[in-house]
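First the structure, in the form of structure tokens, and then the observations on it.
The values are calculated or read from the model by the stated rules, or taken from the named source; none is laboratory data. Remember, it's a predicted structure, so these values are computed and weren't measured experimentally. FYI the Cβ positions are ideal-geometry reconstructions off the backbone, even for glycines, and counts take in every protein chain you see.
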Amino acid sequence: MPLSDHEQRMLEQIESALYAEDPKFASAVRGGRFRSAASRRRLQLAALLLTGLVLLVAGIALPVKPGGFPIISLVGFVVMFGAGVLLLPTGASLTGGGKARPSGSSPGKQQKKSGGFASRMEERFRRRFEQD
């Protein structure tokens, strides 16, 4: 769904404020370096998971079992389990990342104590939205 003219102007204002506030971060985000590093890590962990699965199956299929214990399968399972755990998202995204707002409160009533960039932009947006 395309943005309206008002939303497009707001987005451009936010973008210009971001460049003014922290140009190094803004250029890094725009360049997409974070996204490529994360996707590369995901690909490496998926390959490690597949390697663990191959070791698990190979340990069962191969006749090499010292003392009757399939050690290759155990190593494969540990590798596969470790890669699977690392592939899981972080705890912040599992819990929702933020605190839930009480049902009776409106966004305008709840004020953040930090005077950060995001809170200033939210306050500006609220003021402009209430004026229109």
query = From the list I60, I72, I14, which one is touching a Ser or Thr at 6+ places or on another chain (Cβ under 8 Å), at pLDDT 85 or above and in a helix (DSSP H, G or I)?
reply = I60
note = Restricting the stretch 100-120 to residues that are out of contact with any helix residue (DSSP H, G or I) (no Cβ under 6 Å at 6 or more places or on another chain) and hydrophobic (A, V, I, L, M, F, W, C), the one modelled with the highest pLDDT turns out to be A118
task = Scan the stretch 71-87 for residues that are under 20 Å from A38 (Cα atoms) and of a type in the set (S, T, N, Q) and report the count.
result = 0
task = Examine the stretch 18-33 for a residue that is of a type outside the set (A, V, I, L, M) and over 30 Å from R126 (Cα atoms), and state whether such a residue exists.
result = yes
task = Might you check whether a residue that is over 17 Å from the mean Cα position of the chain (by Cα), of a type in the set (G, A, S), modelled with pLDDT of 85 or more and surrounded by 11 or more Cβ atoms within 10 Å (Cβ to Cβ) occurs anywhere in the stretch 22-39?
result = no
task = Return only the number of the condition from (1) modelled with pLDDT of 50 or more; (2) out of contact with any Ser or Thr (no Cβ under 6 Å at 6 or more places or on another chain) that G97 does not satisfy.
result = (1)
